[in-house]
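Every read-out reported here was derived from the displayed coordinates using simple, explicitly stated rules and does not represent laboratory data. Here the structure is a predicted model, which means the values were calculated and not measured. Here the Cβ positions follow ideal geometry from the backbone for every residue, glycine too, while neighbour counts run over all protein chains shown.
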Amino acid sequence: MSKKKHILKHKTGFKTPENYFEDFQVNMPSFREEIEIENKSIDSGFKVPQNYFENFKVELPQENKKGKVISLFSVKNISKVSAIAAIFLIGFFVFKSQFAINQFSNEVDINPIALEEQLEKDYFDIEFRDFDVSLNGNNTVDEKELKSIDEDAILDYLSENAELITLIEE
Amino acid sequence: MLTDKEKEIVNKLKENKNPDAAFQELVNLYKEPLYWHIRNMLKDHEDTHDVLQNTFIKVFKYIKNFKEESKLYSWMYRIATNESITFLNKKAKKLNISNQELQDHLLNNLESDTYFEGDKIQLALQKAIAQLPEKQKQVFNMKYFQDLKYKEIAEILEISEGALKSNYHHAVKKIKNFLDQDQTLID
């Protein structure tokens, strides 16, 4: 672009302050700081070994001689195996559904009263079993042990534990 | 592509060889054409000064990315154009008005601007230019006021010379019509 472009061809009517272009300066101080900050972010402080980039080579892996790979499943075999697997699967589902139907029909024949009785029996059995457990456990009271305890010791113990006495009185 | 002088400056800046001096040379070379290019778009001197500063800052920051595929001045003009458009959009948003309303606002201020000494004809011309679509406005300003060649404008705006000539032709026609209708302003 030629120097004459600095002068406008036609007058616009715009003017500038006196000596504007002579005094014009780009506001360098703050601007330089901004550039320096950017440069700092680029300069991370990391170093590379001497002549690293000059000697840099990409070491491509050498092609190994590969043995012949024999496929375990050919298309022919896969179709046979799939057919057998399908038969087994169908058989399994048919058996399972038949079993479920039989079970359901058996359940339908159960008398509700008999079921209730069975449940009650189970309940009491469970309670009784719990009681048995408590008797057969470590909490069982040995008669010999009881007799061996001195009567005064028992009275002393009870007098120290007023709550127990209240419980006994009740 | 680049003149010898431009090449010298660009190389110094890219290679960081006395960049301050090289940058000052660049500023001295382009401060006036860029100023007028921006001023024609923004109208106001203070706004123009701010955008000119930003333009040079961007030139310095991104000179390393300048691929030298286009001319240096067209690259700098593009930065200045983009900065000016961004500035105008921001100003319109800040004032909560449309871009066209902003143009009217700038023209109204122009009449009382101490840095505008145009007569009635020049003021009418500015009003006519303000009515143009953005692209035609830019083309007209660069061709009529800055006397840039079509080829140069085409490089700056990155449009074909054919489209550029068509834009300029339509702009001139619209301005003539506007001035004919607004004859009372000139009389």
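Taking every residue in the stretch B:33-61 that is more than 8 Å from chain A (Cβ to nearest Cβ) and pairing it with any residue that is surrounded by 24 or more Cβ atoms within 10 Å (Cβ to Cβ) and of a type in the set (D, E, K, R), at least 6 positions away or on another chain, the pairs with Cβ-Cβ distances below 8 Å are B:48/B:39. For residue B:49, state whether it is under 13 Å from the mean Cα position of the chain (by Cα) and over 24 Å from residue B:149 (Cβ atoms). Spelling it out, residue B:49 is indeed under 13 Å from the mean Cα position of the chain (by Cα) and over 24 Å from residue B:149 (Cβ atoms).
Looking across the stretch B:63-122, the residues that are part of a loop (DSSP other than H, G, I, E, B) and more than 14 Å from chain A (Cβ to nearest Cβ) come down to B:66, B:67, B:68, B:69, B:96, B:97, B:98. Of the set (1) facing another protein chain (nearest Cβ under 9 Å); (2) within 16 Å of residue A:24 (Cα to Cα); (3) buried (at least 19 other Cβ atoms within 10 Å of the Cβ), all apply to residue B:20 but (3).
Residues that are in contact (Cβ under 8 Å) with a residue 40 or more places away in the chain and farther than 16 Å from residue B:177 by Cα were ranked within the stretch B:123-145; the one that is farthest from the other protein chains (Cβ to nearest Cβ) is B:134.
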